[in-house]
Amino acid sequence: MKRACVIGWPVEHSRSPLLHGYWLKKYGIDGAYTKEAVRPEAVADFLQSLEANGFVGCNVTVPHKAAAFAAADEREASAEAVSAANTLWVSGGKLVAANTDTYGYMTNLGQQAPGWDRRDAPISVLGAGGAARAIVHGFLDAGVGEVRVFNRTRARAETLAGQFGPRVKVFDWSEREIGSRDSTVLVNTTIIGMNGVGTLDIDLAGFDRECVVSDIVYVPLETELLRGAKSQGLRTVDGLGMLLHQGVPGFEKWFGVRPEVTDELRRFIVADIEAS
Ligand code: ATR
């Protein structure tokens, strides 16, 4: 039986076992996918002995993505671009790292908001952490001319911009509303809006009518930001689609079948979120 897992600290909240468990069952694969709580100081050892412990690979969640990147023997371009890994597999005895967050976000955006790239307008990204790096990379790779980054800690946004070059522009956090009104996509990559975590305090009334508003937070599924966007008649993309799509490449590597993201899968995970 092939076994994979997700490692994190904490890892209890992860919905990856539900996602991969659904696909294992759907495709009739003799496999398993578990949660492994791994302390930060134990990540390197855990990954070194991944194969010896019977795993074909793993997902990596907060706060281990940079450590997983460092621990790998080989890194795909997707991981190199953001200096972080969320998907690992063993190939010929070597540990290979990829980052599928970029793929997950961009694939979902393309499906849920087709034509988002019709206008030659900037993209606005709230936040400058690991998720923001993956998403900024995705937009630059898609050929966007300007990506604006708004972060509470401006220095972190400047570091990010330094990594990606002149198409990334840094703004103050206080400019997040006024500076993103003409955007074609506004994306929240911070944890604000997650159950009980603050408010973004952005009035979307003055935003371009074509702006797509997206959030990577998926608990709750409809964040305050998305609710505000809907009430203004703007197109919205919630965070669950990114989670579902980012799981596809890993599942294919570990279990040999490229799984599908379907409405039924989405309903299955939504039911779990709503029950929590
Ligand atoms: P991830 O890897 O999931 O992106 P992270 O690296 O911890 O997580 O990044 C979290 C992001 O949320 C950061 O941009 C952080 O801003 P800072 O760089 O200033 O810390 C942002 N964030 C978290 N709490 C915030 C808050 N209360 N107000 C504004 N931004 C917040």
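The values are calculated or read from the model by the stated rules, or taken from the named source; none is laboratory data. This one's a predicted model, so the numbers in the text were calculated from it and none came from an experiment. When we count neighbours, we look across all protein chains shown, and the Cβ atoms used for this are built from the backbone with ideal geometry, even at glycine. All accessible areas refer to the heavy atoms of the entire protein, side chains included, with ligands and DNA or RNA removed. Shrake-Rupley method; radii C 1.70, N 1.55, O 1.52, S 1.80 Å.
Tell me, what is the per residue accessible area of the chain in Å², probe radius 1.4 Å?
For the chain, the per-residue accessible area is 44 Å².
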- Projecting the Cα atoms of Ala71, Tyr27, Val38 onto the charge dipole of the stretch 1-107, where Lys and Arg contribute +1 and Asp and Glu -1 at Cβ, the residue farthest towards the positive end is Tyr27
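In whole percent, and with a 1.4 Å probe on the protein chains, what portion of the accessible area of the chain is carbon and sulfur?
On the chain, the fraction of accessible area on carbon and sulfur atoms equals 49 percent.
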- Exceeding the 18 Å Cα-Cα cut-off - candidates Lys2/Lys65; Lys25/Lys65; Lys2/Lys25; Lys25/Lys94; Lys26/Lys65; Lys2/Lys26: Lys2/Lys65; Lys25/Lys65; Lys25/Lys94; Lys26/Lys65
- Ala275 versus Glu76: modelled label distance in nm, points set 7 Å from Cα along the beta carbon direction: 3.1 nm
- Item | Label-point separation in nm, Val257 to Glu222, each point 7 Å along Cα→Cβ | 3.4 nm
- Query: Give me the Kirkwood hydrodynamic radius of the chain in Å, from all C-alpha pairs, to one decimal place?
  - Reply: 19.2 Å
- Message: Contact order normalised by length for the chain, with contacts defined as Cα pairs under 8 Å and 6 or more residues apart; what percent is it?
- Response: 16 percent
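So, with +1 on the Cβ of K and R and -1 on the Cβ of D and E, and no other charges, what is the size of the charge dipole of the chain about its Cα centre, to the nearest 20 debye?
Rounded to the nearest 20 debye, it is 160 debye.
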- Message: Using the Cα centre of the chain as origin and beta-carbon charges of +1 (Lys, Arg) and -1 (Asp, Glu), tell me which of Thr262, Leu126, Pro10 is placed farthest towards the positive end of the dipole.
- Response: Thr262
- Subtracting the Cα-Cα distance from 0.36 nm times the residue separation, let me have the gained length for Tyr27 to Glu175 in nm, one decimal. 48.5 nm
- Query: Rounded to the nearest 10 Å², what accessible area does Ile216 show when all protein chains are kept and the probe is 1.4 Å?
  - Reply: 30 Å²
- Item | Phi to ³J(HN,Hα) by Karplus 6.51 cos²θ - 1.76 cosθ + 1.60 over the stretch 163-170, Hz, x for Gly, Pro | 6, 9, x, x, 6, 9, 10, 9
- Looking at the stretch 123-276, what % of the alpha carbon pairs are farther apart than 19 Å? 56 percent
